[in-house]
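Only the coordinates and a few stated rules stand behind these numbers; no lab work does. As the structure is a computational prediction, the values presented were derived from the model and not from experiment. Don't worry about glycine lacking a Cβ; one is built from the backbone with ideal geometry, like all the others, and counts go over all protein chains shown.
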Amino acid sequence: MKRIAVVVCALLALSLGKQGLSQTTDWDAMADGFAERVFVAYALHESGDFGLSLDEASRVVAHCSDGGQEALDVFLQLKHAEFAEYVMLDKYAFGDLFDIWRSALPEAVYVALLKQENLRAVTQNNFCNTSEPFCTDNGLYEFPAGVNAGAGESGPYYDCLRTRPNPAWYYMRILDPGDMDIYMYSTPQVDIDFCCWGPFDDPLEPCPNGLTRSMVVSCSYSTNWNETCKIRDAEEGEYYILLITNYSNRTCNIHFSKTDGEATTDCSILPPLVGYDDPVCVGGDLTFTANGLSGSTYHWFKVGGTWTSNDQNPVLHNATADMSGTYGCAITNGSNQSDTTYLEVVVGENLFFHIDTLACNTMDWDGEPLLESGVYTFTYDTPSGCDSIIELNLDMNYTPALEIHGAHWPIGGSETHISVNEYEVQLAESRARVDTVLWQIDCPNWYVVPHGDKGKQCTLYIHSYLTEPITLHAWAVNRCDSIHEEFFIQTSYYDVGENNQDVDFDVVPNPTNGEVSLLFGDLQGRVEVLVYNGIGQEVESFMMEVDGNQPYVYDMRSLPDGIYLLVAKHMGNTWIRKVVLCVE
């Protein structure tokens, strides 16, 4: 066998050169279970033609001294066949061989293999520091043995346990002092082994290195399906740590019971024998649970009610509030019967609240800004674990900031002539809503008539010509606020930008940065010019002599930037021009 490996390595080295390391997955897949992996590692280590080392991830890697993955594969196939013969040996002979393989391996390699194996484990209590509580006194608990649960971790002194497949760790606390024989067995009947350490003041603190040779109190590596752990001179409050290995790797349950001695274990460290899935809410399922023990019978009942059940885990569907109350259960297993265990069951109600609220800008709900009107749903947990649903109907009005749109310079009216003009408001925030718009005009013989949606538009009836500006008022009102806006109106004889004579009055350049020329075509004579700002205030006036086509230069640089109206008057005639001033 060794000669074949050497020849193959040498041939491959000539054709392929040095191949370096072969990762653990190249050979680990050839081994079925932890014991075979230890054997293969031992064979590689002892062969002289292969070596073992750890990579950067602390995984075991194998390499051929002359290179070549194929040489390694051939070697592994041979060792796989050889191991198949070893597993046919009895448990003790196989244990002796396993001790040889394990002892010959470097400690770092064995620990790395062990870690790799335990990464594959699927049980929760396959390490000492994840051990689970147990007690021995009422015979009404079953504890699952480990299956595909790795191998016993490095650190404890395992005494008689030559192999430690599928470890399941437990701990117990002494209630009454004295001696104790703990009888354990598996259902179905499969090979189990155990080791027990103690006493300790804490069930987890000794894990794993505190489980030394001097702390071993009992151990067995027999081929039996039942074992007896003997503890002597136990004191109240002491903890004992028990490891059970499932040598068969078959699914089974472990049962504990005290068969001799005055000492007892404290069953209060275990979860209750019975319980229910809490929380339970109206409309859900009320599910009861009881420890699953083969051959047991169950009697459930409601105190003061008529409901009973002999199921192990009965379910009451579509729970109602009147199902709250006290429930009891008694478990019988052969000659063992538990005291009736009582449960206080609360069926909580799902609460619903509807809230109508108004907001004017943003609204914050648990740190979440709400910006739009609408219906929002929020769900919280009640103290009983049920849903508390809040439905928020949010009316987001927004502050109704507004602008008035219309003519600043409408045609004036008289006793025989009425000037009609339209105005409207526009909201600065498109999502804002108004309940109504109120209008008012500061002139006793003018009047304003609202119309349109919520009165957002109005018709202004002008019955006189006024030389002073008039203010149009609008109030936009909603449940958030009432916002007022003003709009100046200055009447004129004619529409802005139109003449009542053939005179071609013009202002150039327009827009202007300061100086403008006033042009009057063929007009002759004295002309009065009035200058108004954008809100209808007169800011300047002057007289000028117009002589045909001669322009008159007017300097506007003393005025602030803006829109101005230049009104020219001559012999009862009026001309108006808008001028945009923007001084550089």
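See the values below:
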quantity: Rg in Å to one decimal, and Dmax rounded to a whole Å, for region 541-584 via C-alpha atoms; calculated: 12.2, 37
quantity: Cα centroid of region 143-195 to Cα centroid of region 425-453, whole Å; calculated: 89
quantity: Sequence-distant lysines (8 or more away, or on other chains) whose Cα lies within less than 19 Å of residue 230; calculated: 258
quantity: All aspartates and glutamates inside 20 Å of residue 91 as judged from Cα atoms, apart from same-chain residues fewer than 8 positions distant; calculated: 32, 36, 82, 99, 159, 191, 193, 227
quantity: Antiparallel DSSP beta bridges within region 262-418, percent to nearest 5; calculated: 75
quantity: Packing-based exposure ordering (other Cβ within 10 Å, fewest first) of 265, 320; calculated: 320, 265
quantity: Rounded tilt (10° steps) of 2-16 against the dominant C-alpha axis of the chain; calculated: 30
quantity: Stokes-Einstein D for region 128-269, Kirkwood Rh over Cα pairs, 4 °C, 1.567 mPa s (µm²/s); calculated: 88
quantity: Under the Karplus curve 6.51 cos²θ - 1.76 cosθ + 1.60, θ = phi - 60°, whole-Hz ³J(HN,Hα) for region 96-112, x wherever Gly or Pro sits; calculated: 4, 4, 4, 4, 5, 4, 5, 5, 6, 6, x, 4, 5, 5, 4, 5, 5
quantity: Using alpha carbons only: equivalent-ellipsoid semi-axes of region 351-396, gyration tensor based, whole Å; calculated: 23, 11, 7
quantity: Rounded if a/c under 1.5, otherwise prolate or oblate - region 125-205, Cα gyration tensor axes; calculated: oblate
quantity: Rg/Rg_ref, the chain, where Rg_ref = 2.2 N^0.38 Å and atoms are Cα; calculated: 2.00
quantity: Mean separation of Cα contacts under 8 Å, 6 or more apart, over the residue count of the chain: relative contact order %; calculated: 8
quantity: Approximate spin-label separation residue 226-residue 268, in nm, with each point projected 7 Å along Cα-to-Cβ; calculated: 3.2
quantity: Karplus (6.51, -1.76, 1.60) ³J(HN,Hα), θ = phi - 60°, over region 304-310, in Hz, Gly and Pro reported as x; calculated: x, x, 10, 6, 9, 7, 10
quantity: Sparsely packed GluC sites (Glu not before Pro) within region 390-472, loop by DSSP, other Cβ within 10 Å at most 14; calculated: 415, 429
quantity: Loop-resident sites, region 434-489, for trypsin sites (Lys or Arg not before Pro), counting at most 14 other Cβ within 10 Å (DSSP); calculated: 479
quantity: In sequence order, calculated HN-Hα J values of region 546-554 (Karplus, 6.51, -1.76, 1.60; Hz; x Gly/Pro); calculated: 9, 10, x, 8, 6, x, 10, 8, 10
quantity: Long-range HN-HN contacts of residue 280 with modeled amide H, under 5 Å; calculated: 348
quantity: Pairwise centroid distance, computed over Cα atoms, of region 528-584 with region 333-397, Å; calculated: 71
quantity: Sequence-distant residues sharing a close amide H with residue 299 (under 5 Å, placed H); calculated: 330
quantity: Shape metrics for region 506-581, restricted to C-alpha atoms - Rg then Dmax, Å; calculated: 11.8, 33
quantity: Helix axis angle, 69-86 relative to the chain longest principal axis, alpha carbon, degrees; calculated: 50
quantity: GluC sites (Glu not before Pro) restricted to DSSP loop in region 172-242 with at most 16 other C-beta within 10 Å; calculated: 235, 236
quantity: Contact order normalised by residue count of region 341-395, Cα under 8 Å, 6+ apart, percent; calculated: 46
quantity: Whole-number percent relative contact order across region 257-393, with pairs defined as alpha carbons under 8 Å at least 6 apart; calculated: 21
quantity: With eigenvalues of the C-alpha gyration tensor scaled by 5 and rooted, region 366-478, Å; calculated: 49, 11, 9
